[in-house]
Amino acid sequence: MAELTVLQALGPLSPQLVLLLAALLVLGLDLAWGEKRRGWLPSVALLGLAGTIVATMSLWGRREVLFGGVFVVDPSAVFFQVIAVLATALVILMSIDYFEGRATYTGEFYSLLLVASLAITLMAGSTDLIMVYLSIELLSIVSYVLTGFMREDRRSNEAALKYFLYGAAASATMLYGMSLLYGITGSTNLEEMAAVLGADAGGSMSWVVLAAVMLLLVGFGFKVSAVPFHQWAPDVYEGAPTPFTAFLSVASKAGGFAVLLRFFLTALPDLSVNWVGLIAALSVMTMTVGNLMAIFQKNIKRMLAYSSIAQAGYILIGLVCWRHTLGAYGGGISGVLLYLLAYLFTNLGAFTVVIIVERATGSNEIADYAGLMRRNPWLAAALFVFFLSLVGIPPTAVFVGKLLIFSSAIRLGYYGLAIIGVVNGVISMYYYYGVMRQAFFLPPKEDTPIVASPPLAVALGVTLVMTLGFLVFAQPFIQLASWSTL
Amino acid sequence: MIPLSWYVLVSAALFCIGLFGVLARRNAVAILMAVELMLNAVNVNLVAFWRYGEPQAMAGQVFALIVFTVAAAEAAVGLALFIAIYRSRDTVAVEEIDLMKG
Amino acid sequence: MTYAVFILFTLMALCGGVLVVTQRNLVRAATALVLSLFGVAGLYVLLEAGFLAAVQVLVYIGAIAILIIFAIMLTRRMVQGDESGLNRQWGWALVSAVVMFALFCYVVVKAWPLALGAVSAPAVPADSTEALGLALLDWEQYVLPFEIASVLLLSAMVGAVVIAREKHDS
Amino acid sequence: MREFFFDLTWLIPVFPLLAFAFIVLWANPNRKLSTWAAWAGIGLSWLLGWTIFFLSWGDIHHLTPPEANHPVPLWALPAGSGMLEVGFQVDTLTALMLFMVPFVCLMIFIYSKGYMGYGTEQVDPHYSRFFAYISLFACGMLGLVVSDSLLTLFIFWEIMGLCSYLLIGFWFEKRYPDPERITPKEAGLKAFLTTRVGDVIMLLGILLLFSQVGSLSFVDLFSHDTLHMLAEKTVTLPVLGTMPVATLAALLLFGGAMGKSAQFPLHVWLPDAMEGPTPVSALIHAATMVSAGVYLVARSFPLFAAVHGGTQLAVVAFIGAFTALFASTIAVAQNDIKRGLAYSTISQLGYMIAALGVGAYIAAVFHLITHAFFKALLFLGSGSVIHGVEHGHHEVAHGHDDHGEEAFDANDMMNMGGLWSKMPRTAWTFLIGGGALAGIVPLAGFWSKDEILAHAWHGFQHGHDLGTFWPFFVWLLLTLAALLTAFYTARQVCLTFAGRPRTEAAGHAHESPPSMTWPLMILAFFAATLGLFGTPWANQFHHLIGEAFEATPFDPFVAGLSTALAVGGAAVGWLVYGRKPLAAGDVDPVKRWLGPVHTVLENKYYVDELYRAVFIRPVIWLAHVFFKFDNRWVIDPIVNAVGRAGVSLAKGMGWFDLVVVDGLVNLAGRAGATVSSLSDVVDLRFVDRIVDGVGDLVRAGGRFLRPIQTGRVQNYLLVAVLFTAITLLGLYVMLPVL
């Protein structure tokens, strides 16, 4: 009987187990194989991710509560698992050639990347403050290391230091909020917390809860890089190894949103009056500041960092419209999920181009994109498509997300948010156009063609196809998102 | 017994001292120490709430233990980063580490 | 009597804390940190969390403080500088810390009254350490966090090694 | 059989898309292969399109709207409990568009081969790319007409917007010696930005409909129940007050149509779009881009008509009629042959829009179709003329050592004249097109235009949903516009073809190659005969589009008047320009007579300049203010403030003095300078300004924020903590209230 329980509990946890095994395997093989066969490690990691996807498939549409309510498996958790795994796989493809001559210990890189992916899958299913905190910290600590992975690069370790200091302080602040929440409700379980808070008719707890929520937002806002908790992001994005920057901008952010959604919608739904306005304010600030700051950037990684901040703002609108999930036409939460998926392909695609150019020119300056059209028309065209998607021009991927999120905002009467969102979309065209101008209209600084290595070409192809054909190819995920009743 | 609020106030004080340290110290190692103060403040809270809530349920203590673990891990990674940065720039004064900005 | 002990530990923790954030000399700051951590351990004892107090002394003070002192030694040139230990924004830092503290006090006092009279709390089970151990291994409780914590430690270890190891040139 | 072909409808946009992909992926270096790929793509679409059209013609009752639209979902986007289906549908409107769009596109594609200089020395360096782009453009338009939902429609709509940007700016390297003249690159950007304004409004409309109905498919949106619901439900907006959802949605959608169909005040992009290659102008003006806006309004006409006598129709009628007259007056004073035609397009689009506004649905669609044919003809004809004159100029220039290469403008009608004998085929086809545009019996334009006028007049006489004022207004303005149309058309024909060549280049012009003249002749045939399908006595169009709509009775008064005006206008035009053709160096007689009015017309009522003064200048001014403010005041604000917090009060006072007083002085100086420089608004260039001005403002916003990003992590943390503390404080102050 006991064994059966163990198996029953481990079944829904199989994606995490496979990921963990893959991480350990990569680490072990790195030690065992030595220099010669290290080239195989990415393949091992990719194999592990393939296994994870298979394991995730078996959980499609299931709902399970595990470990006495510490962890759950449900469609939205599965959705975030898919995001984590897809992002990790693409990032591995992007990293294969990246570290040539830049860093040793690539085995550790892949291993830790898999752990980061594991952390995100855990964040998605955590329903207990202890698990929430632990999984966030797991992701953070691994991220600090991966950011500073190029030890000899001054920018890389500066980025890691800033990320570490900001993250440590933000998570301690968040933790303080969690301790207050535990104190007032007597429980760390989100469901039980919701029950206690729901029973608090007079609102006598609201003082503490408000403080706790604000402190928690510092930590969550840090993870999703919402203004004003975003300032670490540009510096860190610029300094981190580019593939990991890509990971931070999509996967790590998605993890943050997973926690944000889970926490607010499980623990606090009845206190909506208190936090919806707060989130809406954050959303407006995040969109606007992100877009305005992006205009100034001369470094494409920094520009994409700000663009990624702005995107978080749009996504937050979806959280504001969370009530829209039930019994209505798409919107809120499924909008958030699909937006994140669409953004994953689009942004990873953009970063793939960045890496290809970086490998060829050794630079991330936007000025060095001059004449990209002449040097490799495919790259220029692909970047164009990704930027169209980031702006939200149909039929590209992010348009779908924007459509769902903005229409739910309008339906719920948040006209202001929708209009600010649309206007911000127009502002963002300005800085994307700046890069396009370089790529298409200006003469190249040198004439050597830029060539993408096979793994990068694969990553580019996948992201390009998914960005353009999102409506067609993402059907299963769209279905999955529509089941999410988080 | 001592009222719960006393512990919580001590914890709040400790937390804010730590916060001040994080914001105001020049040296990265000192900032890390201040973070440790903040984490300790949290632990005082957790244990106090455990004691005055339901001592049979161990959530608070488990949480505190997890915080210990994370603190240790964080310290290890942080110190490793400091060493790496010190190697390349001969300083760990956080104010001076501002290569990237704007 | 308990009050006196409480106040003693509190003073240890808070004064230690203040010294940590103000001492220019990092070695002294680290010593103050140890003092503060001892104070906190004392509070755990008062709260009848003996195991945590032990862990605090053995692990925290033993490991973390040593780790920090180690780092100070590695980066020791900092210690002798003449400049202040504080940065330029310390004034604002002080203001925000004080404001935060005031806010917390307000909230705490509203939620948990400062009553000095008869305070009671449910008795702690005699075998609380054992209960803690069981909770960490119980399939229906915290076995997952427990396991994840070990993953976390392992990753941190690997990461720290990767970052801090001497440059090895092939 | 019919079902079989109908199920294949979705292939129509796919063929050109495949051609696009093929050219981009493989055929790019090979001009011949690219040409054939593009031709094959659009040719297949044309065959299939006409098959479907004639099959529906044979059995139109099968396709009466709206129940029997037969939307066929290709895939779906389940969202919550609603569905976003993406598919295609065929109804009579679609079938009719399938008659026009692929055929006209095919003609333009064939023409492009010669125009882009295939096989000659002057072949365009990006010849293949051009064919790829126009294929994608055609795909956009064809996809738009077979869409079964607003979502797909919008997707293709944006694809077209993108292509228009690429195509108008196709010669993006071109620079003019005259810095005032807009370059192709700027024109492309202007088109993109201006239509984008409309698109954003339209997107809001789509979002509104989606959020209210939960579906975007036409069948769902335009079902009786939905329309009823939308008409009953009201929204209250700031400023605008309460209105039915249907009205708001219709107005928002109309915003998109105004951008794409270049209706006042968003018309400014269309004349500048002439900077693109002429086949592109023909594509944009006839078959694709601008028709899309009218098509959108026609397609969502049930929504526009949902609220009886609502403001939305009045707005549509007003904008349309006003645009029609407004643009036709400008066209009178244009010397650039293509710009003249461009304003004529704007005017004709105004006809269609106004017709929809007064409920003349059938007439509007009819005019859309006939206009596409004769306007494509006119544009291709003008392209042929320009091509001829340019070649003549090259010949002359070869003999004369390239003098004045830059100064010569092959588009300027003042440089033409006497081309009748040089380019006979171009000339008589152009004459037919012009006749159709002017509304000369029995050419196509007469019938469709007459129907619009008759409908408006009928509305005035016999009452209308909108009362009698709007129909009369529309009738009056459109009738006046008809007179002007006939006049400027005659002017164009005479200036171009009559008399003697006014320049050497015109004297050396030759007829264009057959690949250019054949499409002209074919289009001329249609421009001449198409109207006969829509005569008031045997109105096949009415029959086809749906007998659900009221037919317009023949009105001899209207027909007589408009014929008289058309002939009269043309006659006046001939009297002024044809009887005694202008010689080289003559001043335009109309210019002499109208004097300053002519200058106003020539400058298009200074709308561009107005936009500069009203929108662009203030934005730039604000941006400057921002910059000034920012430079002085917010550099490293937190660090500075912290630094200052430590220093003495006296010093603080000094700082206050320095920053605030100095800042104010500077600000005042700046404002004065700005006001004084406001007088030279005219010398500022529109596109540069719109981009730079808005950009500067936005940049100023960014710059305002940038100093906060100091690179010091503790500053960042301080911002976060301060934000947290202040928000909490604010919330606690407000909490008892909440």
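Annotations for the structure displayed:
- Qualifying residue in region B:32-42 (condition: facing chain C (nearest Cβ under 7 Å), open to solvent by 10 Å² or more (accessible area, probe 1.4 Å) and assigned to a helix (DSSP H, G or I)): no
- Which numbered condition C:Ser36 fails, given (1) without any contact (Cβ under 8 Å) to a residue 12 or more places away in the chain; (2) at the interface with chain B (Cβ under 7 Å from one of its Cβ atoms): (1)
- C:Leu132 passes every criterion in (1) open to solvent by 20 Å² or more (accessible area, probe 1.4 Å); (2) under 18 Å from B:Pro55 (Cα atoms); (3) part of a helix (DSSP H, G or I) apart from (1).
- Matching entry among D:Glu232, D:Glu173, D:Glu158 (being within 27 Å of D:Gly49 (Cα to Cα) and touching a Pro at 6+ places or on another chain (Cβ under 9 Å)): D:Glu158
- Considering region A:368-486, the qualifying helices (runs of 4 or more DSSP H), each wholly inside and each with 2 or more residues that are closer than 25 Å to D:Pro29 by Cα and more than 8 Å from every other protein chain (Cβ to nearest Cβ), run over A:372-375, A:377-391, A:415-441, A:454-468.
- D:Leu153 open to solvent by less than 10 Å² (accessible area, probe 1.4 Å), closer than 22 Å to D:Asp91 by Cα and touching a Lys or Arg at 6+ places or on another chain (Cβ under 8 Å): yes
- Taken as a whole, the structure places D:Thr152 among residues that are touching a strand residue (DSSP E or B) at 6+ places or on another chain (Cβ under 6 Å) and more than 28 Å from D:Glu390 (Cβ to Cβ).
- Selection from region A:443-475 of residues that are among the aliphatic types (A, V, I, L, M) and either open to solvent by 50 Å² or more (accessible area, probe 1.4 Å) or closer than 19 Å to A:Val250 by Cα (or both): A:Val451, A:Leu456, A:Val458, A:Ala459, A:Leu460, A:Val462, A:Leu464, A:Val465, A:Met466, A:Leu468, A:Val472, A:Ala474
- C:Val59 falls short on exactly one of the conditions (1) at pLDDT 90 or above; (2) hydrophobic (A, V, I, L, M, F, W, C); (3) open to solvent by 40 Å² or more (accessible area, probe 1.4 Å), and that condition is (1).
- Of the residues making up region B:58-102, those that are outside any helix (DSSP H, G or I) and farther than 23 Å from A:Met178 by Cβ number 10.
- Selection of first residues in region A:148-161 that are more than 7 Å from chain B (Cβ to nearest Cβ) and closer than 18 Å to D:Arg712 by Cα and of second residues that are modelled with pLDDT under 85 and surrounded by fewer than 24 Cβ atoms within 10 Å (Cβ to Cβ), restricted to Cβ pairs under 6 Å at least 6 apart or on distinct chains, gives an empty result.
- Boolean, D:Thr194 is touching a strand residue (DSSP E or B) at 6+ places or on another chain (Cβ under 8 Å), open to solvent by 10 Å² or more (accessible area, probe 1.4 Å) and of a type outside the set (Asp, Glu): no
- Any hit, region B:82-95, residues being under 19 Å from the mean Cα position of the chain (by Cα), open to solvent by 10 Å² or more (accessible area, probe 1.4 Å) and more than 17 Å from A:Thr173 (Cα to Cα): no
Yes or no, residue by residue, for (1) of a type in the set (Lys, Arg); (2) in a helix (DSSP H, G or I); (3) surrounded by fewer than 23 Cβ atoms within 10 Å (Cβ to Cβ); (4) at pLDDT 85 or above:
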residue: D:Ser135; (1), (2), (3), (4): no, yes, no, yes
residue: D:Gly143; (1), (2), (3), (4): no, yes, no, yes
residue: D:Ser164; (1), (2), (3), (4): no, yes, no, no
residue: D:Tyr176; (1), (2), (3), (4): no, no, yes, no
residue: D:Pro179; (1), (2), (3), (4): no, no, yes, no
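- Among residues of region C:98-115, those that are within 7 Å of chain B (Cβ to nearest Cβ) and either assigned to a loop (DSSP other than H, G, I, E, B) or open to solvent by 40 Å² or more (accessible area, probe 1.4 Å) (or both), counted: 6
- Among the residues here, B:Val94 qualifies as in contact with a strand residue (DSSP E or B) (Cβ under 8 Å, 6 or more places away or on another chain) and within 14 Å of chain D (Cβ to nearest Cβ).
- Whenever a residue of region D:299-325 is at positive phi, its partners that are of a type in the set (Gly, Ala, Ser) and open to solvent by 20 Å² or more (accessible area, probe 1.4 Å), lying with C-beta atoms within less than 8 angstrom and at least six residues away or across chains, give the pairs D:Gly309/D:Gly467.
- Per this entry, A:Phe247 is not counted among residues that are outside the structural domain of A:Lys301 (by TED's automatic domain parsing), of a type in the set (Phe, Trp, Tyr), open to solvent by less than 10 Å² (accessible area, probe 1.4 Å) and under 21 Å from A:Met178 (Cβ atoms).
- Some residue of region D:418-432 being among the basic types (Lys, Arg), farther than 30 Å from D:Phe109 by Cα and surrounded by fewer than 24 Cβ atoms within 10 Å (Cβ to Cβ): no
- Exclusive hit being in a helix (DSSP H, G or I), farther than 24 Å from B:Leu23 by Cβ and under 13 Å from the mean Cα position of the chain (by Cα), set C:Ala4, C:Ala30, C:Ala13, C:Ala41: C:Ala41
- Of residues in region C:135-152 being within 24 Å of C:Tyr44 (Cα to Cα) and at the interface with another protein chain (Cβ under 7 Å from one of its Cβ atoms), the one surrounded by the fewest Cβ atoms within 10 Å (Cβ to Cβ): C:Val143
Okay, residues lined up against (1) in contact with a His (Cβ under 7 Å, 6 or more places away or on another chain); (2) within 11 Å of another protein chain (Cβ to nearest Cβ); (3) under 22 Å from D:Ile23 (Cβ atoms):
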{"site": "D:Tyr118", "(1), (2), (3)": "no, no, yes"}
{"site": "D:Glu121", "(1), (2), (3)": "no, no, no"}
{"site": "D:Arg129", "(1), (2), (3)": "no, yes, yes"}
{"site": "D:Met141", "(1), (2), (3)": "no, no, yes"}
{"site": "D:Ser147", "(1), (2), (3)": "no, no, no"}
{"site": "D:Trp157", "(1), (2), (3)": "no, yes, no"}
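The values are calculated or read from the model by the stated rules, or taken from the named source; none is laboratory data. Because the structure is predicted, anything quoted here is derived from the model rather than measured. Glycine gets a Cβ as well: all are built from the backbone with ideal geometry, and neighbour counts include every protein chain shown. These accessible areas exclude ligands, DNA and RNA; they are computed on the full protein's heavy atoms, side chains included. Shrake-Rupley method; radii C 1.70, N 1.55, O 1.52, S 1.80 Å.
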